[in-house]
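Colleague: Sharing a structure here in structure tokens format.
The values are calculated or read from the model by the stated rules, or taken from the named source; none is laboratory data. Computed from a predicted structure; not experimentally measured. Ideal geometry is used to build each Cβ from the backbone, glycine not excepted, and the neighbour counts take in all protein chains shown.
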Ligand code: GUN
């Protein structure tokens, strides 16, 4: 039986509605949660992500503002902006979109953000608190993955979770979040020996490597839950015919013809759907959860720092 879909669009909408309802109560008390998003340079993908983040705030009644800085911005200039946002009471969340241009010292920027406003959960204080299992602002994408599993009542405790990828944004925090939910966790990466064999031991397999369709059916145990965190552009019609299931091919080819690419994750849908019990599509899987969790973190940050109860 082909895998069942974990519908991130649906779950993301439900979570955002919950945020909107809670935000409305805060706003009625005179507290409007506010998010500042900072983007440096003109990375096309970053612009799309930042646009969605600002739009989501507007839809939920949160204050949002976008700060666009030129690619030539220095570390000191960006630090000055972060400090000015730290100082403003009506700003509850600060998100500096990554990656930053190479001349900017990313860690210094992330450490300059007030940990109470760190809605990405990238500050060392929040990374440390997550690691200790303390209440913290946690990174949006891996937190969204947990929310998705919970929505579909997929058990985590006692399961073997294999996370492919060890980034600070997804892989490492994902492993921590799964561990705190009592999964047995293995983190894999480019140096892992016989990666497909390790992946095949997973009850829950999270692919967060950033390599187009790398995870094939050969990586998947029959019935496993496969979570695809990747977002890549596929431009080759031949590749599209090879990696997508038959039913999807026409619309995928149309996408390539119209825009020059179609979105694909780190998982090869055609072969994985035949093996997995559950899987997340791209688009419409993990992506919408990331935005929903950012909204949730902004609300949480507002309540932590200036909430009444
Ligand atoms: N770039 C890719 N993902 C993210 C994210 O979750 N937060 C930020 N700030 N930048 C990103």
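Colleague: Are there any helices (runs of 4 or more DSSP H) wholly within segment 227-272 with 3 or more residues that are over 29 Å from residue 154 (Cβ atoms), and if so which?
Modeller: Ranges flagged: 237-243, 249-259.
Colleague: Can you pull out every residue in segment 118-136 that is within 16 Å of the ligand (Cβ to nearest atom), out of contact with any helix residue (DSSP H, G or I) (no Cβ under 6 Å at 6 or more places or on another chain) and part of a loop (DSSP other than H, G, I, E, B)?
Modeller: Matches in segment 118-136: 120, 121.
Colleague: Does at least one position in segment 289-309 carry a residue that is in a loop (DSSP other than H, G, I, E, B) and either at pLDDT 95 or above or buried (at least 21 other Cβ atoms within 10 Å of the Cβ) (or both)?
Modeller: No, segment 289-309 contains no residue that is in a loop (DSSP other than H, G, I, E, B) and either at pLDDT 95 or above or buried (at least 21 other Cβ atoms within 10 Å of the Cβ) (or both).
Colleague: With respect to the numbered conditions (1) buried (at least 19 other Cβ atoms within 10 Å of the Cβ); (2) within 14 Å of the ligand (Cβ to nearest atom); (3) closer than 25 Å to residue 296 by Cα, which one is the sole condition not fulfilled by residue 51?
Modeller: (1) is the only condition that residue 51 fails.
Colleague: I would also like to ask the following. Taking residue 168, is it modelled with pLDDT of 95 or more, farther than 25 Å from residue 5 by Cβ and within 16 Å of the ligand (Cβ to nearest atom)?
Modeller: Judged against the criteria, residue 168 is a match.
The rows are residues; the columns are (1) out of contact with any helix residue (DSSP H, G or I) (no Cβ under 8 Å at 6 or more places or on another chain); (2) closer than 30 Å to residue 277 by Cα.
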residue: 2; (1), (2): yes, yes
residue: 25; (1), (2): yes, no
residue: 44; (1), (2): yes, no
residue: 83; (1), (2): no, no
residue: 88; (1), (2): yes, no
residue: 96; (1), (2): no, no
residue: 103; (1), (2): no, no
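Colleague: Hey, among 18, 92, which residue is in contact with a strand residue (DSSP E or B) (Cβ under 6 Å, 6 or more places away or on another chain), under 30 Å from residue 175 (Cβ atoms) and either more than 13 Å from the ligand (Cβ to nearest atom) or touching a residue at least 60 places away in the same chain (Cβ under 8 Å) (or both)?
Modeller: On inspection, the qualifying residue turns out to be 92.
Colleague: Can I ask one more? Considering (1) within 16 Å of the ligand (Cβ to nearest atom); (2) assigned to a loop (DSSP other than H, G, I, E, B); (3) within 22 Å of residue 270 (Cβ to Cβ), say which one residue 213 fails and leave the rest.
Modeller: Every listed condition holds for residue 213 apart from (1).
Colleague: Would you mind finding the one in 119, 162 that is within 23 Å of residue 303 (Cβ to Cβ) and in contact with a strand residue (DSSP E or B) (Cβ under 6 Å, 6 or more places away or on another chain)?
Modeller: 119
Colleague: Another one. Of the residues 201, 212, which is in contact (Cβ under 8 Å) with a residue 40 or more places away in the chain and exposed (fewer than 15 other Cβ atoms within 10 Å of the Cβ)?
Modeller: Only one candidate qualifies: 201.
Colleague: Continuing with the same structure: Among the residues in segment 62-73, are any away from the ligand (no atom under 14 Å from the Cβ), more than 23 Å from residue 291 (Cβ to Cβ), within 19 Å of the chain's Cα centre (by Cα) and surrounded by fewer than 16 Cβ atoms within 10 Å (Cβ to Cβ)?
Modeller: no
Colleague: Let me ask something additional. In segment 168-178, what count of residues is obtained for those that are surrounded by 18 or more Cβ atoms within 10 Å (Cβ to Cβ) and either assigned to a loop (DSSP other than H, G, I, E, B) or in contact with a strand residue (DSSP E or B) (Cβ under 6 Å, 6 or more places away or on another chain) (or both)?
Modeller: So the count comes out to 6.
Colleague: Considering only segment 137-162, how many residues are within 16 Å of the ligand (Cβ to nearest atom) and not in a helix (DSSP H, G or I)?
Modeller: 3
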